[in-house]
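Chemist: There's a structure below that I have some questions on.
Computed from the coordinates by the stated procedures, all read-outs in this text should not be read as laboratory data. Everything numeric here is computed off the predicted structure, so don't read it as measured data. In this analysis, Cβ positions are derived from the backbone assuming ideal geometry, glycine residues included, and neighbour counts consider all displayed protein chains.
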Amino acid sequence: MNWLGGLRWVWIGVLGIQIASAQATSPPDSSRAVELMIRLKFEVPTTCDIRIGSRTPSQFTGYDNLRVILSQAGKLTDLDFLISKDNKSLARLEKFDLDHNPALSIQIQGRPVRGNPGAQVTVINFDDLECPVCAHMHEMLKSEVMQKYGDKVRYIYKDNPLTEIHPWAMHAAVDAGCLAQQDGNAYWRFIDYVHAHGQEVSGADRNVDKSFSVLDRIASDSGEGRDVNKPELLGCLKKQDEAPVRQSMREARGMGLNFTPALIVNGELVRGLTSPDAPERAIDRALQAEKAK
């Protein structure tokens, strides 16, 4: 239910006149007033039913716990609120487990590394090879950020192709993975070329089958002169096993990353190119945090 996705710590003041009006037809806990305020503040659709549960003691002075159950299309969502003992204010507290931050436990084992493999700061780029903004981010990382920070940072790419809008992005990610299995340098050669030649891959007629053929050719060429077993590579390209890519996509979705590019800098999320210096700001904070340890 997206209309509740942004909730963190919200205090809602309920006007006394509203409570007084509602109390004429509502139980003592002002269930109707609570429901109306939740619908208003969180833009709950009319198709969603709201049931106010029972009150229990809370650890906050002057407040009780209040369970609210939302029901829509057969799906139930339980939410915990706080309600003042005088029924005049409602609050919602969302708790986060600092020991289980998904941005700090991204699976990077076996992924090709660019930069210093032993660097204390890691930039993980959830990338889409058909995304023009991703191409811009990639070029900025490669030509500006890497030069500025040298061996202080390592760069690792993960797959997050937006297949709904980018028809050859999945194929490109699979081809990149075939190279990554054998030689990291060949992988980066492919990544660099595809990001710099997206129009060549798309083609003038936007024929996706032709795009697939172009990608396979680029992948084959990227393996030339590297430590790549050509028959094995060609077999991988033909098989087009999407499972590793889809696992990376699930990892991205688990963190709410339904967009690209998305950088994770030692656990800090950088949402696309919100500003030209956003990656550098995050890297500077990460370096400072490492220095303070």
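Chemist: Lone cysteines in the chain, going by a 4.7 Å Cβ-Cβ cut-off?
Modeler: CYS48
Chemist: Assuming a ≥ b ≥ c are the square roots of the Cα gyration tensor eigenvalues, decide whether the stretch 60-125 counts as rounded (a/c under 1.5), prolate (otherwise, with a/b larger than b/c) or oblate.
Modeler: Prolate shape, in that a/c is at least 1.5 and a/b is the bigger ratio.
Chemist: Pulled fully out, how much extra length does the chain show between ASP209 and ASN185, if you take 0.36 nm times their separation in residues and subtract their Cα-Cα distance?
Modeler: 6.0 nm
Chemist: Classify the stretch 131-254 as rounded, prolate or oblate, taking a ≥ b ≥ c as the square roots of the eigenvalues of its Cα gyration tensor: rounded when a/c is under 1.5, otherwise prolate if a/b is larger than b/c and oblate if not.
Modeler: Rounded is the answer for the stretch 131-254, as its axis ratio a/c remains below 1.5.
Chemist: Among the lysines, which fall within straight-line cross-link reach of LYS239, defined as a Cα-Cα distance under 16 Å, with same-chain neighbours fewer than 8 residues apart omitted?
Modeler: LYS230
Chemist: LYS293: which lysines have alpha carbons under 20 Å from its alpha carbon, excluding same-chain residues fewer than 8 sequence positions away?
Modeler: Those lysines meeting the cut-off are LYS152.
Chemist: Let me ask another. To check my understanding: the extent here is largest minus smallest coordinate of the Cα atoms along each principal axis. What are those three numbers for the chain, in Å, largest first?
Modeler: The Cα atoms of the chain stretch 81, 48, 30 Å along the principal axes, largest first.
Chemist: What size of dipole, in debye to the nearest 20, comes out for the chain about its Cα centre when the only charges are +1 on Lys and Arg C-beta atoms and -1 on Asp and Glu C-beta atoms?
Modeler: Computed about the Cα centre, the dipole is about 900 debye.
Chemist: Moving on. Check which residues have an amide H placed less than 5 Å from LYS158's amide H, if you skip close sequence neighbours.
Modeler: Hits under the 5 Å cutoff: ASN125, PHE126, ASP127.
Chemist: Set the Förster radius R0 to 22 Å, insert the Cβ-Cβ distance between GLN120 and LYS148 as r into 1/(1 + (r/R0)^6), and round the FRET efficiency to 0.05.
Modeler: Once rounded, the FRET efficiency stands at 0.85.
Chemist: Divide by every residue of the chain the summed helix terms, -39500 (n - 2.57) for each DSSP H run of at least 4, and state the resulting mean residue ellipticity at 222 nm, rounded to the nearest 500 deg cm²/dmol.
Modeler: Counting only the DSSP helices, I get -11500 deg cm²/dmol.
Chemist: Further, regarding this structure: Kindly state, to the nearest 0.05, the FRET efficiency for ASP227 paired with ALA289, given R0 = 51 Å and r defined as their beta-carbon distance.
Modeler: Result of the calculation: an efficiency of 0.90.
Chemist: Within straight cross-link reach of LYS148, meaning Cα distance under 21 Å, which lysines are found once same-chain residues fewer than 8 apart are removed?
Modeler: LYS291
Chemist: With just the Cα atoms of the stretch 25-176, tell me how far they stretch along each of the three principal axes, in Å, largest first.
Modeler: 66, 37, 25
Chemist: Quick one: if you stick a label point 7 Å off each Cα along the C-beta vector at LEU104 and GLU268, how many nm between them?
Modeler: Here the modelled spin labels are 1.5 nm apart.
Chemist: Continuing with this model, one more query. Please list, in chain and number order, the residues 5+ apart from SER89 or on another chain whose amide H is under 5 Å from its amide H, with Hs placed from the backbone.
Modeler: Amide H neighbours of SER89: VAL14, SER84.
Chemist: Further question on the same structure: Chymotrypsin sites (Phe, Trp or Tyr not before Pro), restricted to the stretch 44-115: which are DSSP loop and have at most 10 other Cβ atoms within 10 Å?
Modeler: PHE96
Chemist: Follow-up. For a test of the definition: using alpha carbon positions, the gyration tensor, and the 1.5 limit on a/c, classify the stretch 213-289 as rounded, prolate or oblate.
Modeler: Here the stretch 213-289 falls in the prolate category.
Chemist: Sort 135-146, 118-129 by packing, meaning the average of other beta carbons within 10 Å per residue, with the highest value first.
Modeler: 118-129, 135-146
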